[in-house]
Each structure stands twice: as C-alpha cells, then as structure tokens.
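> This is the structure I have questions about; it appears just below.
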Amino acid sequence: MSDTSFLDYVLGQLAGARRVSMRPMFGGHGLYLEGAFFGIVHAGALYFRTDAASRAQYVQAGSRPFNPRGRKELHRYYQVPVEILDDPQALTAWALQAARTGK
C-alpha cells in the first residue's frame, strides 16, 4: 500500500471523528483534531500521541515508539495497533484520547 493510499485509508477510518485534518510534516503527515496535533502518518504506519496514562495500552499491545530516522525514538508517539486501525470505532476513540493529550 502506498503512503498516499494508506493516508486515505486512515482518514477514511477516522471519518467518525469528523474534524480531522492533516498537513505534510516529518516526511509524512501530521493529523489534527480541532487544532490539536495528535497523530503522525509516516512510512505506512500510524502513530498517536500518548501520555503517561495512555502509553501503557500501546506498550501492552506491542506497539513501538515513533522513530523516523532509526536513531532517536519519540516516546510521546506510539504506533497504533493493527486491530485498532482496522476498527473505525476503536480508532476514533483512540484518536480522541490522543487529541486530548495534545491540548
């Protein structure tokens, strides 16, 4: 799947969140909900912003932190598990949670 078609897929899955927008950044795309930066689409993967409370569910699911250049991991952003990505309702709930951490 190309990055463009993956981005389209992610945006389609997040249609329930309604006010999601995106901007090119980091060699990928940043995702925003009502102005809050909450996610990154990069190299065919989706990462959401986490905080101390939400990070545990990502780690428990085996998710890895965002690491765009293979040198420094950004532990505020973790890859969204595939089973969440494939479930629009769950993905929307996780996106709303991620957006709350960005405010």
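> So which of MET1, MET25 ends up being loosely packed, with under 12 Cβ neighbours inside 10 Å, hydrophobic (A, V, I, L, M, F, W, C) and modelled with pLDDT under 95?
MET1
> Does GLN13 satisfy being modelled with pLDDT of 90 or more and either surrounded by 16 or more Cβ atoms within 10 Å (Cβ to Cβ) or within 13 Å of the chain's Cα centre (by Cα) (or both)?
Spelling it out, GLN13 is indeed modelled with pLDDT of 90 or more and either surrounded by 16 or more Cβ atoms within 10 Å (Cβ to Cβ) or within 13 Å of the chain's Cα centre (by Cα) (or both).
> So, one more: How many of the residues making up segment 83-103 are surrounded by 13 or more Cβ atoms within 10 Å (Cβ to Cβ) and more than 22 Å from GLY35 (Cβ to Cβ)? Talk me through it step by step, then tell me what you get.
Within segment 83-103, the subset surrounded by 13 or more Cβ atoms within 10 Å (Cβ to Cβ) is 84-85, 87-88, 90-102.
Filter again for more than 22 Å from GLY35 (Cβ to Cβ), leaving 84-85, 87-88, 90.
Result for segment 83-103: 5.
> Across segment 31-48, what is the total count of residues that are of a type outside the set (A, V, I, L, M), free of Cβ contacts under 8 Å to residues at least 40 places away in the same chain and either under 17 Å from GLU73 (Cα atoms) or buried (at least 18 other Cβ atoms within 10 Å of the Cβ) (or both)?
Residues that pass the stated criteria total 2.
> Hey, can you tell me all the residues within segment 1-59 that are of a type in the set (D, E, K, R) and part of a helix (DSSP H, G or I)? Even if it seems obvious, please write down each step before you answer.
From segment 1-59, those of a type in the set (D, E, K, R) are 3, 8, 18-19, 23, 34, 49, 51, 55; that's our starting set.
Hits for segment 1-59 are ASP3, ASP8, ARG55.
> Next up: Restricted to segment 39-55, and to residues that are within 13 Å of THR101 (Cβ to Cβ) and of a type in the set (Gly, Ala, Ser), which residue is modelled with the highest pLDDT?
Going through the qualifying residues, I end up with GLY39.
> For segment 73-103, give me the residue count where each residue is under 10 Å from the mean Cα position of the chain (by Cα) and part of a strand (DSSP E or B).
3
The values are calculated or read from the model by the stated rules, or taken from the named source; none is laboratory data. All of these numbers come straight from a predicted model, not from anything done at the bench. In this analysis, Cβ positions are derived from the backbone assuming ideal geometry, glycine residues included, and neighbour counts consider all displayed protein chains.
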